[in-house]
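Accompanying notes for the structure given below.
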Amino acid sequence: MTNSTAVTTGTVDRALRILETLAAQPEGLPLVAVADELALPRSAAHRLLNELVRCGYVRQLRAQGDYALTTKLPAIGLAFLGSAGIVDIAQPIIDRLAETSGELVRLAIVDGDRLTFVAKAQGARYGLRYDPDMGIDVRLSCSAGGHAWLMTLSEERATELVALQGFGAPREFGPQAPTTFKALTKLLEEDRRRGFSMIAEQYSPGMTAMAAPVLRRGQEAIGVITIAGPLQRLTVQRMQDLGPALLSAASELAMASSTSPLFTQRARMAR
């Protein structure tokens, strides 16, 4: 790799990391916070932010003020998902499951070593409405969606993916979140026997969730569909009762996925 190529690669990597950081902070961040978060010199962070402002991906909220994402990046993502046909295929299925469950239903797709939420429907009409940010990478070790994907993989591959992402800091998740591979493996074994994953206060205190893999030709997972809600409403018994509906939705998504270029591409990559 030449020096110029290395510099360019480093610049792109830093710019993307800035975008990912700002995506988690919709209210914006000051220059100092961006630089500290990414361990960048302030001068380098300032140059990159100014370039992202010039390109229309970032805006400065006021003179010498915080930096925040514009809608340009989300618009690109939505345009991509729309042209790939995911929303057209998945939304009616997700909507029906949300109505049946009365809870938040989401679809995440497998993208290389990552699992990312791309579509949702809110079924709750009263009380607490659980609705975490979309577009984030799913935490594999302690989420229903992560477990639903990992349960379809070999133990070696599942361990590799979790090791790559890490378990995260315990304070960031629920009190029941697994923190060792042994604990996670036991949970995945239970999920496989059941046919879908179930978690209680693992991803977040007071919250439960369940998920089923969307299997292309009954083999590799191209995505997962999840139901999530408050423990007081989405109890363990309620999740067990919703199991058949969840599996039916996952099967329907699998059958419909052949019409989406993105799903078809993911299936080729997985082979």
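What follows draws every value from the coordinates through simple rules; no lab data is involved. Fair warning: this is a prediction, and the values are worked out from it, not measured in the lab. Using ideal geometry, Cβ is built from the backbone for each residue, glycine included, and neighbour counts are taken over all protein chains shown.
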Alpha-carbon centroid distance for the pair the range 149-183 / the range 192-263, whole angstrom: 18
Near the amide H of THR70, under 5 Å away, which other amide H atoms are found, from residues 5 or more places off or on another chain, if H is placed in the peptide plane? VAL58, ARG59
Can you give the FRET efficiency to the nearest 0.05 for THR159 and GLN60, using r as the Cβ-Cβ distance and R₀ = 35 Å? 0.20
Assuming R0 = 22 Å, what is the FRET efficiency of GLN232 and THR179, from their Cβ-Cβ distance, to the nearest 0.05? 0.30
Which of the aspartates and glutamates could be linked to LYS120 by a straight reach, that is with a Cα gap under 15 Å, when you skip same-chain ones fewer than 8 residues away? ASP88, ASP95, GLU99, GLU103, ASP131, ASP133, ASP137
